[in-house]
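Chemist: I'd like to ask some things about the structure below.
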């Protein structure tokens, strides 16, 4: 699959990008390379392979090697909040931005 200048213009419009002619020509080979990779992936025969809804659907078959979730840093809340302009109940107060 090779993208034309009109394809690049359409993609730029969909992405709400304003591309100059130089940018369009610079992006064209990069996008063509990307779509070339996609075509290689699509060419792989996946007949008989059941798709996974999520990559961790195979957890019953494969044990993940995760480290224990242990706090490794001491609690420094007071030190971190020392210079805060406003606090309440140990939490930072910030100005309201959504009415």
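Chemist: Pairs under 7 Å by beta carbon, first residue at negative phi and surrounded by fewer than 10 Cβ atoms within 10 Å (Cβ to Cβ) in the range 33-57, partner modelled with pLDDT of 90 or more and assigned to a loop (DSSP other than H, G, I, E, B), six or more apart or different chains?
Modeler: Pairs found: none.
Chemist: Quick check on my filter: what residues within the range 1-29 are within 21 Å of the chain's Cα centre (by Cα), loosely packed, with under 10 Cβ neighbours inside 10 Å and assigned to a helix (DSSP H, G or I)? Spell out the reasoning first.
Modeler: Let us first name the residues in the range 1-29 that are within 21 Å of the chain's Cα centre (by Cα), namely 11-12, 14-17, 27.
The next check asks that each one be loosely packed, with under 10 Cβ neighbours inside 10 Å; those that pass are 14-16.
14 - this is the single residue of the range 1-29 that is within 21 Å of the chain's Cα centre (by Cα), loosely packed, with under 10 Cβ neighbours inside 10 Å and assigned to a helix (DSSP H, G or I).
The values are calculated or read from the model by the stated rules, or taken from the named source; none is laboratory data. Only a predicted model underlies this, so the values are computations on that prediction, with no experimental measurement involved. All Cβ positions, glycine included, derive from the backbone under ideal geometry; neighbour counts span all protein chains shown.
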